[in-house]
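What follows is a set of notes on a single structure, which appears directly below.
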Amino acid sequence: MTTKISYQQVVARLEENDLPFGELVLQNGMTVIVSQHGGRIFGPFLSKESESIFWTNDVFAGPDTFKAFLDSGSWNIGGDRMWIAPEIQYHVPDRDDFWGSVFWPAQVDPGTYSLEQPEPGQWRLSQDMTLQAYNLASGQKELHLERVIRQVEDPLRNVTGYADLVDGVLFAGYEQVVTLSEANRDDVVSEAWSLIQLNPGGVLVIPASPRVEYADYYEPVDASLQTIFPNHVRLKITGDRQYKVGYKAAHVFGRLAYYNHLDDGRAYLIVRNFFNNPSAPYAEEPDHTPGCRGHSIHVYNDDGNAGGFGELECNAPTIGGETGRSSSTDELVLWLYVGAPEKVKEIGLHLLGIEL
C-alpha cells in the first residue's frame, strides 16, 4: 500500500532542511507547493489537513528518512516535475546497454533551480544546464529552462448548465508556461518533458484516433493493462508491473486524463491539456528501435521497486537540430475535479469525449 503524504509533512520537511518553497493558492481552498529543490510541484492538496493528490515519496513521512533521501542524491521525490528529453540522448551513454548505463543527470534533477515570485499569484522556477549528448547527436548542450506557474480557470465555466454540472464538485487548476532555449545552434535536439507521478489504482485515458500507434519502451504492455478503443486508449496504473508506452503525436490530440478515487469514496480526475504538434520531431526513441520517434505522450507504470507509482507524461515541441528553432514557449495546463463518481465521470465526458 502506498503511503499518502500530507500538506503538513511536505511543508515540515522542506522547512526543516531550509529548502525554499512557495505556496500557490488555487480554487476552493486547494493549494500546491512549488519547491526549489528539484523544481517540483507538490499536491494538489484539498486543504492544509489533506494528503497529496499526486504520488509523493513516503520519505516525507519523517525527518530522518527525508534527510537520508536528500543525502543520497536521489531524484524520485514525487509530484509534478520537468526533465529534458530525449532520454535516449541525455540519460543513456550506451544504447546497447540501456539498463546498465542509464542514469539521471543531476544537472536536470535536482538541478540548480532558482525560485522567485514575480508577482502575487504566480511562481517562477528557472535554471541553466549543461548536458552531455550521447546518442542521436553528440557533444555538450547548454540549455535554459524557465517555468511560470499560476492559477487557471475552469474550462467548463462557459458551457450550458455549468452550475448543475459542477454542483458538489471541487475544481482547481494551474498552468506552467514553460520556456526552453539553447545557447548555441548545433545538431543536438532537446524537449521540455513533463512528468506527473500518480497514485496507483486508477485508469489513465488518452483520446486518440482509431489508427493510434504506440511503442513499447520496456517489456511489452499487454491487454490486461492497455485497451485500445475506437476513440481512446485506456491504461491501468497499478504500480506493480513495469511498462512504458509512447503514443504518436499524429494520433493524439493534446489532452489526457487520470481517473481515480480518494479513500473517502470521492472520485478525482486529473486532466492534462498541452500543445500537441505532430509536425514537431518528438525525438525520443526506445533504445531497441532506432528511428522510432514522434511520441508526444508517454505513460509509465512502476513495478514497485521505485515506490509503486505511475506517470502521466507529455513533451513540448522539439528545439535545436533539424527544427531550426532555438527556443520554445508552451503552456501545460492541469485541471483537477473532485466529487461524487457520477459527477466526475460526466465532467470527463465533456472534456474527453469518453465514458469513464
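Our coupling estimate for region 111-122, obtained by passing each phi through the Karplus curve with A = 6.51, B = -1.76, C = 1.60 and θ = phi - 60°, is x, 10, 5, 9, 10, 9, 10, x, 6, x, x, 8 Hz, Gly and Pro reported as x.
The dipole here belongs to the chain: it is taken about the Cα centre, uses +1 on the Cβ of Lys and Arg and -1 on the Cβ of Asp and Glu, and is about 700 debye. Does region 290-332 classify as rounded, prolate or oblate by the C-alpha gyration tensor (a ≥ b ≥ c root eigenvalues; a/c under 1.5 gives rounded; else a/b over b/c gives prolate, otherwise oblate)? Verdict is prolate for region 290-332. Need the list of aspartates and glutamates near LYS67 for cross-linking: C-alpha distance under 13 angstrom, and skip anything on the same chain fewer than eight residues off. Candidates past the 8-residue exclusion: GLU15, GLU16, ASP18, ASP58. Couplings 3J(HN,Hα) of region 136-141, computed from phi: 6, 8, 9, x, 8, 10 Hz, in residue order, whole Hz [Karplus 6.51 cos²θ - 1.76 cosθ + 1.60, θ = phi - 60°; x for Gly and Pro]. Remark on region 238-356: Rg and Dmax equal 16.5, 51 Å (Cα only). Result for the chain in a Gaussian network model with C-alpha springs under 10 Å: among GLN132, GLN89, GLN117, the largest mean-square fluctuation is at GLN117. Counting only residues at least eight positions apart within a chain, or on another chain, the lysines with an alpha carbon under 22 Å from that of LYS48 are LYS4. Shape index of region 81-352: Rg/Rh, with Rg the Cα radius of gyration and Rh the Kirkwood radius from the inverse mean 1/r over Cα pairs, equals 0.96.
Sorting the segments 138-144, 3-9, 282-288 by their residues' average number of neighbouring beta-carbon atoms within 10 angstrom, most packed first, yields 282-288, 3-9, 138-144. Once the mean of 1/r is taken over each pair of separate Cα atoms and inverted, region 50-151 shows a Kirkwood hydrodynamic radius of 15.8 Å.
The alpha-carbon of LYS343 sits under 24 angstrom from the alpha-carbons of these lysines, leaving out residues fewer than 8 places away in its chain: LYS236.
Peptides 31-41, 257-267 ranked from most to least packed, by the mean per-residue count of other Cβ atoms within 10 Å: 31-41, 257-267. Only Cα pairs under 8 Å and 6+ residues apart enter the sum, and on that basis the relative contact order of the chain stands at 17 percent.
Values in this text are rule-based calculations from the coordinates and carry no lab data. It should be emphasised that the depicted structure is a prediction, and the values quoted were computed from it without experimental measurement. All Cβ positions, even for glycine, are placed from backbone atoms using ideal geometry, and neighbour counts span all protein chains on display.
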